[in-house]
1. Output the DSSP H helices from the chain with an along-axis C-alpha extent of no less than 27 Å and a mean Kyte-Doolittle hydropathy no less than -0.5.
2. Name the shape class, rounded, prolate or oblate, that the alpha-carbon gyration tensor gives for region 131-280, where a ≥ b ≥ c are the square roots of its eigenvalues, rounded holds for a/c under 1.5, and otherwise prolate holds if a/b is larger than b/c and oblate otherwise.
3. Sum up the charges of everything whose Cβ sits under 13 Å from the Cβ of Ser211, counting Lys and Arg as +1 and Asp and Glu as -1, but leave Ser211 out.
4. For the chain, give me the percentage of DSSP beta bridges that are antiparallel, rounded to the nearest 5 percent.
5. Please report the net charge: other residues with Cβ closer than 13 Å to the Cβ of Ser246, K and R +1, D and E -1.
6. Rounded if a/c is under 1.5, else prolate if a/b is larger than b/c, else oblate: which is the chain, with a ≥ b ≥ c the root eigenvalues of its Cα gyration tensor?
7. So what is the relative contact order for the chain, in percent, with contacts set as C-alpha pairs under 8 Å and at least six apart?
8. Checking the table Lys80/Lys225; Lys147/Lys206; Lys132/Lys158 against a 27 Å threshold on Cα-Cα, which pairs fail?
Amino acid sequence: MNTRSLLCPIMISVVTLMLACAPTMVQMPVQKPAEIDVKGIKNIAIVDFQGVNNSGDLAASLLTTELMSSNFFQIFERSKIDLVLEEHALAQSGVVDENTAREIGQMLGVDGLIFGEVVSYSVDPDEKGVQKVEKKVGTGQYRTVTKNKKKVREEIMKTTYIDQQYMIRRGTVAVTFRVVNIETGQLLASKAKSKSYDSGKVVEGKGTLKSRDAILNDLMADIVKEFARQIAPYVVTEKHPLESGSGSTKVGVQYAKNGLWDEAISAFQRAVSEQPKNSSTWYNLGIACMVTGDYDAAEENFNKAIALKNKNLYFQSLAHIRELRLQREKLRQQVGN
């Protein structure tokens, strides 16, 4: 596990999007702590979930990939799980509960075991229907009209209603997840999650329906990602605007657009010395400090911006920096655990 990467909630690498007539937006990858602190779990195994049509294997495979990308757990190789269970005359296809989970975990030599069940994994039969839609049709009669200062003949159109066929495709996936501490036998997490898909009306000749396999795979991936974020830190991308200005402020924004944040901070510091009564200069300096992880300096600069101008953006940024500080402390505690 890369502890240093976990303790750095904001990566310095920043991609900047510049839209015409819009503020410069900086995108900041931010590492969030897990929602559930699975204390004492470092090495973990994920056994195949119960489920129809290989849905249990899909759930376990996707969850393995998600948790490996978090770098928070050491994941027991799935290819070796069957071998270990076979050596101990246990079939992984059997039902896993809190009692057998502890036994299996001890055999695998892990701290925790994740198992569960895919309780719903289906796409409904397509709903087919017919709806009336307006359509303009020719009457075979013509009239003379003026277009672009010229006389032209055009066909007289009338409104009619035609039948239009459509299809609707719906699907649902529901999964239960459980995490057991092997040493204590304690159930650390038990979650049930479900997601549904509805294509809406897809008109014949004007759209395509997502395949049944794609629907099920996408729903499963969303469910697994949501659960993984509950037990392991994860990264999200936040967007924050920089305010425009002239002189050193403009220079600082240019540096920030290119990810040169040390230079941007220096430019914004010059800007606040040149224009100490300009709230935007203090705000931009606060954003730069937030990106580089100096939360104390960011909070101080946001407060100075607020003292000059009661702008909602500044209050939101102040609240957010305090939230980031709490999240960083929670992340440190989880890494320590």
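What follows draws every value from the coordinates through simple rules; no lab data is involved. Bear in mind that the values here come from a model prediction, so they are computed numbers and not experimental data. With ideal geometry, Cβ positions are generated from the backbone for all residues, glycine too; neighbour counts draw on all protein chains shown.
1. 212-231
2. Working: a/c = 5.13, a/b = 1.24, b/c = 4.13.
Verdict is oblate for region 131-280.
3. Working: positive: Arg169, Lys210, Arg212; negative: Asp126, Asp213, Asp218.
Once positives and negatives cancel, what remains is 0.
4. Values: 55 of 61 bridges.
Within the chain, antiparallel bridges account for around 90 percent of the total.
5. On the way: positive: Lys250, Arg270; negative: Glu243, Glu274.
Summing Lys/Arg as +1 and Asp/Glu as -1 gives 0.
6. Values: a/c = 3.34, a/b = 1.08, b/c = 3.09.
Oblate shape, in that a/c is at least 1.5 and b/c is the bigger or equal ratio.
7. Working: 629 pairs, mean separation 74.3, N = 337.
For the chain, the relative contact order is 22 percent.
8. Details: Lys80/Lys225 24 Å; Lys147/Lys206 32 Å; Lys132/Lys158 16 Å.
Result: Lys147/Lys206 exceed 27 Å.
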